[in-house]
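Enquirer: There's a structure below that I have some questions on.
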Amino acid sequence: MAQQPRQNAYAVILAAGVGRRLGTAADDRPKVLLEFGGRTLLERHLEALRACGVEEVSITVGHRRELIEAEVARLGQSDRVRFVHNPRYREGSLVSLWTQAARLRAADGGGPLLLMDGDVLYDRRLIARLLAAPGENVLLVDRDIEPGEEPVKVCFRGDRIVDFAKRPVHAHDWHGESVGFFRFSPAMAAALADRCAAYVEEGRTALEYEEAIRDLILAAPDRFSATEVTDLPWIEIDFEADVARARSEILPLLERDAA
């Protein structure tokens, strides 16, 4: 049985990038069209959201957008998905989020907005936890963080988030890895749109979108919280090695749990 949505939740998926770091693994396709177990990441996203009661989805498209649009049509999901084209997709993820400003500013009956990276293979229970977690604005965090600067870190002092960055600067007790999935209240989603717009107006389009979220967290930390998903399988797919690990390690866990 599908979980009831949390107050008409709406999802935004970022899927406009080229995915240069994947090398030949993507075959010039958007990363969201990579297949695992015979299903694309996009199909898995839409299935997970529907299973959790989230029907309305907006996807930022850019690189080979016609392939994403064709996949949505193939899946028979055109009635619930809208596309926002980012012609400046080569400039980075902050611009891709900025192009969704109208959606971010739309209160939609007071429901929350889910922001999701498109290049993640994951257990759908991540979405369920994100929707069910208490608090106004929620991040997902995994304590089993990969070493190095690549992961975006959610940093805590006690249970309070004190930094959110690949290279944190604020002192903290512990940190975990951000999954790249967020739940924002309508008010905070609108503030996120404003922050992205400010960066674009300043010409700072090379920043990653997490920088805008970090600004909001540091300005109002009491309005943000995190829920742990350390026990659930997921992987962000940035490199060719991630594709191999997704197929050899993460996919078998998803198939086992679905059996």
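Enquirer: Exactly one condition in (1) closer than 22 Å to A11 by Cβ; (2) open to solvent by less than 40 Å² (accessible area, probe 1.4 Å); (3) outside any loop (DSSP other than H, G, I, E, B); (4) touching an Asp or Glu at 6+ places or on another chain (Cβ under 8 Å) is false for R195; which is it?
Expert: (2)
Enquirer: Follow-up question, since we're still on this one. Might you let me know whether region 129-141 holds any residue that is open to solvent by 10 Å² or more (accessible area, probe 1.4 Å), in contact (Cβ under 8 Å) with a residue 12 or more places away in the chain and touching a Phe, Trp or Tyr at 6+ places or on another chain (Cβ under 6 Å)?
Expert: Checking region 129-141: not a single residue is open to solvent by 10 Å² or more (accessible area, probe 1.4 Å), in contact (Cβ under 8 Å) with a residue 12 or more places away in the chain and touching a Phe, Trp or Tyr at 6+ places or on another chain (Cβ under 6 Å).
Enquirer: D173 versus (1) more than 30 Å from D28 (Cβ to Cβ); (2) in contact with a helix residue (DSSP H, G or I) (Cβ under 9 Å, 6 or more places away or on another chain): which is the lone unmet condition?
Expert: So the condition that D173 fails would be (2).
Enquirer: A further question on this structure: I'm checking my understanding of the structure. Among residues of region 198-207 that are part of a helix (DSSP H, G or I) and in contact with a helix residue (DSSP H, G or I) (Cβ under 9 Å, 6 or more places away or on another chain), which one is nearest to F164 (Cα to Cα)? Let's see the steps before the verdict.
Expert: Narrowing region 198-207 to residues part of a helix (DSSP H, G or I): 198-201.
Narrowing further to those that are in contact with a helix residue (DSSP H, G or I) (Cβ under 9 Å, 6 or more places away or on another chain): 198-200.
Values: A198: 19, Y199: 17, V200: 20 Å.
Per the criteria, the residue is Y199.
Enquirer: Further question on the same structure: If I go through region 208-259 residue by residue, how many of them are surrounded by fewer than 18 Cβ atoms within 10 Å (Cβ to Cβ) and in contact with a helix residue (DSSP H, G or I) (Cβ under 6 Å, 6 or more places away or on another chain)?
Expert: So the answer is 6.
Enquirer: Would you be able to say whether some residue in region 174-186 is polar (S, T, N, Q) and open to solvent by 20 Å² or more (accessible area, probe 1.4 Å)? I'd like the intermediate steps shown before the answer.
Expert: Kept after step one, since they are polar (S, T, N, Q), are these residues of region 174-186: 178, 185.
Okay, now just the ones that are also open to solvent by 20 Å² or more (accessible area, probe 1.4 Å), so none.
The answer is no, given that none of the residues of region 174-186 is polar (S, T, N, Q) and open to solvent by 20 Å² or more (accessible area, probe 1.4 Å).
Enquirer: May I pose another question? Given the criteria open to solvent by 50 Å² or more (accessible area, probe 1.4 Å), out of contact with any Leu (no Cβ under 9 Å at 6 or more places or on another chain), closer than 26 Å to P186 by Cβ and part of a helix (DSSP H, G or I), does A102 qualify?
Expert: Working: open to solvent by 50 Å² or more (accessible area, probe 1.4 Å): yes; out of contact with any Leu (no Cβ under 9 Å at 6 or more places or on another chain): yes; closer than 26 Å to P186 by Cβ: yes; part of a helix (DSSP H, G or I): yes.
Yes; evaluated as a whole, the condition is true for this residue.
The values are calculated or read from the model by the stated rules, or taken from the named source; none is laboratory data. All values reported here derive from a predicted model rather than from experimental measurement. Backbone-built Cβ (ideal geometry, glycine too); neighbour counts: all protein chains shown. Keep in mind that these areas ignore ligands, DNA and RNA; they rest on the heavy atoms of the full protein, side chains included. Shrake-Rupley method; radii C 1.70, N 1.55, O 1.52, S 1.80 Å.
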